[in-house]
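Quick note: the coordinates plus some simple rules give every number you see, no bench work behind them. Since we're looking at a predicted model, the values are computed, not measured. Cβ placement follows ideal geometry from the backbone for every residue including glycine, while neighbour counts extend to all protein chains displayed.
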Amino acid sequence: MSKSLLTWSLLVFLGLITPTTSCAQKRTKQKQTTTVQKQRTESPEAMLKRFYTEYIRSFDRMYEPAQMDSLILANATPEAKAKLERVRALTDSDPFIRAQDLASGSEGSLQVHALGQDWYQVSFGSGEGYRAIPLHLQKSGDKYLIDFITPEWHHSEYGDKLRSNPFAGTKSVDMTSPINFIRSFYECYISHYLAMKPELEVELKALRDRYCTKATIQQYYEGLASVGEVESGFFDTLIDNVDFDPSWCSSLSVRPSSASGVFEVSYSDGEGERHKWLVRAVPQADGSYRLDRQP
């Protein structure tokens, strides 16, 4: 066989096997990448154990606020963080640990148990310092994030009812009568709190601007700065609180007061306290109403 023919035969052979070899290498690389990705995905229990260990130790290490925010946002959704800040303002304690502080070394007793349906219980401490906190996780890409923690007034309860929105069906404000206007406004307003969307503050402001008198809006902003240090920046005069819980919805009441044209709005919170305030539905030239909270 001539040298040129041998060379040509070798080139043809290499051309035939190269695509096969290339495909095999590609499949091997994809398999390796998938394996690495799987290795990077923590189990829910491992994620919670890691996060809570660092969170508990942060008290001894005296993390700065920016460090705490970074730690939380790396392990919880922004909506959950905002919700937990409101719960903190309501209870004057840290909802992650249901306390204001922790004894050194509390992470040594840390336990994580699966409850089912993406709910888990984190527990630590002993005696009077024992805490058992249910929480919910959601999968985000290749990791898990906390998207709800049971508020302490619900103790060891867990389940979708704690994250429900009984007023989700109220999509608009009813202008057919003063009492219908007031009730539907509050159902819409509270529904936004319960939905826990990223645009919560924007949506609440839009409702206030559209359906409340200027005096009521002014009361709202004054209330943000006039309450105690813990609630400052969170207190909402329109609900007489810093947040709203699904379990309070059934107790929401709107009824005529003894004064003509004035209505009493009330509900009971998780501690059994009855919140009450007075409002008026101020008629507008176009036949609509504006909510006016009485001082």
*Report relative contact order for the range 119-166 in percent, whole number only (criteria: Cα-Cα under 8 Å, sequence separation at least 6).*
28 percent
_So, R0 is 30 Å and r is the distance between the beta-carbons of GLN111 and ASN165; what FRET efficiency does that work out to, to 0.05?_
0.40
*Using a Förster distance of 25 angstrom, determine the FRET efficiency expected from the C-beta separation of LEU200 and SER156, and round it to 0.05.*
0.35
*In the structure shown, do any of LYS171/LYS214; LYS143/LYS171; LYS81/LYS214 have a Cα-Cα gap over 29 Å, and if so which?*
LYS143/LYS171; LYS81/LYS214
_How many angstrom lie between the Cα centre of the range 183-203 and the Cα centre of the range 138-165?_
19 Å
_3J(HN,Hα) from dihedral phi, the range 102-114, Karplus parametrisation 6.51/-1.76/1.60, rounded to Hz, x for glycine, proline_ = 9, 6, 4, x, 4, 5, x, 9, 5, 9, 10, 10, 6
*Classify the range 44-160 as rounded, prolate or oblate, taking a ≥ b ≥ c as the square roots of the eigenvalues of its Cα gyration tensor: rounded when a/c is under 1.5, otherwise prolate if a/b is larger than b/c and oblate if not.*
rounded
